[in-house]
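What follows is a short report on a single structure.
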Amino acid sequence: MNMKKILFTITFTFCFLVFANAQDYKTGLGLRGGPFIGFTVKHFLNQKAAIEGIASTRWKGIEFTGLYEVHNKAFKVDRLNWYFGGGGHIGFYNNNYTKWGTVQSTYTNVGVDGILGLEYNFREVPINLSIDWKPSFNIIGYTGFWGDNGALSIRYIF
C-alpha cells in the first residue's frame with residue numbers, strides 16, 4: 001500500500017510542475033467508443049487542468065468515472081495535446097454477464113483510475129477526437145487491476 005501512496009503523490013506533484021499551455025476549448029460533450037461504450041463530458045478548469053466525467057456500459061451494467069486531467073501540447077503540433085490524470089469509478093453490473101460470475105444477481109465495484117491520452121481539436125469545426133488508455137484498480141467488489149479500458153472519443157467542443 002505504501003508504494004501506491006508514493007506513486008499517487010509523485011503523479012499529482014508532476015501534474016502541478018508542468019506549465020505548458022494546452023487548452024483550445026472550454027467544454028466538450030460526446031461519445032466514447034471502445035470495449036465499453038458511453039458518454040463523456042470534459043470541462044477545463046484553467047489552461048491546463050480539466051475534469052472529465054464518463055458514463056459507460058460494462059457487462060450489461062453501468063460505470064461512472066470522474067477524472068482530473070493535466071493537458072500539454074504534443075509534438076509541437078498546434079491543437080494536438082497529450083494528457084494524463086487520475087480519479088475514481090463506481091460500477092453496477094448484472095452478474096449474469098460478468099467474467100467472475102458469483103451467486104449475487106448484481107455487483108458493485110469501486111476503484112481508482114488513471115488515464116493517458118492524446119487529443120486533436122479541429123480548427124474548422126468544433127470537434128475534438130481523442131484516444132486514451134484508462135486502467136483501473138478495484139478496491140471494493142471484484143478487486144484487482146483492469147487494464148482493458150481504452151477508447152476513441154469524439155466530442156462537440158465549445
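Here, each number is a calculation from the coordinates, and none is a lab measurement. Given the structure is predicted, the values throughout are model-derived calculations rather than measurements. Don't worry about glycine lacking a Cβ; one is built from the backbone with ideal geometry, like all the others, and counts go over all protein chains shown.
Our summary gives the stretch 27-157 a relative contact order of 23 percent, counting only alpha carbon pairs under 8 angstrom and 6 or more residues apart.
How far, in nm, would the chain grow between Trp133 and His43 when pulled straight, counting 0.36 nm per residue and subtracting the alpha carbon separation?
30.5 nm
Under 5 Å from the amide H of Ala74 lie the amide H atoms of Leu80, Asn81, Trp82, each residue being 5 or more positions distant or on a separate chain, with H modelled from the backbone and absent for Pro and chain starts. Tell me the net charge near Ile127. Cut-off is 14 Å between Cβ atoms, Ile127 excluded, with +1 for each Lys or Arg and -1 for each Asp or Glu. Value of the local net charge: +1.
The count of lysine pairs in the stretch 27-157 that are at least 8 places apart or cross chains, and whose C-alpha atoms lie under 28 Å apart, stands at 12.
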